[in-house]
């Protein structure tokens, strides 16, 4: 008896993977059966997927490769964010310098600079207006 039970269960499991037929009877009812339908019925054959159709779980190697890929992607994202933050700080410092230069040009009465020979040269009003205009263009192009 104990020996025949596993054999019976094994035979029972094979019959579970047979083809199933769906058909509509003359009265309009839908029937499902593993036996052939009558000759005048509309037939649609259904199949039950086999055990081999089950997708296998990923292997350790696949899981590890996916983990490394995720770590690499997140590291690249962190590096990119750090570069963007550093670039923003440099740009802010540059813009502050441009604005301070413009403020000096606009507020000071006379501005002096030194030429190639090291002599002190005072900027005239036309050159000063030109420098102010140039500073405004740079601020609007790079800072706004």
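For the range 82-91, the count of residues that are under 28 Å from the mean Cα position of the chain (by Cα), over 30 Å from residue 135 (Cβ atoms) and at pLDDT 95 or above is nonzero. For beta carbons closer than 7 Å, sequence separation of 6+ or different chains, a first residue in the range 117-134 that is surrounded by 12 or more Cβ atoms within 10 Å (Cβ to Cβ) and a second that is part of a loop (DSSP other than H, G, I, E, B), the qualifying pairs are 121/115; 123/111; 128/111. In the range 95-112, the residues that are assigned by TED's automatic domain parsing to the domain that holds residue 136 form Cβ pairs under 6 Å with partners that are surrounded by 11 or more Cβ atoms within 10 Å (Cβ to Cβ), at six or more places apart or across chains, as follows: 95/143; 98/138; 98/139; 101/135; 102/135; 105/131; 105/132; 111/123.
If you filter the range 34-74 down to residues that are more than 30 Å from residue 21 (Cβ to Cβ) and in a loop (DSSP other than H, G, I, E, B), you find that the one that is modelled with the lowest pLDDT is 56.
The values are calculated or read from the model by the stated rules, or taken from the named source; none is laboratory data. If you're wondering where the values come from, they're calculated on a predicted model, not measured in any experiment. Using ideal geometry, Cβ is built from the backbone for each residue, glycine included, and neighbour counts are taken over all protein chains shown.
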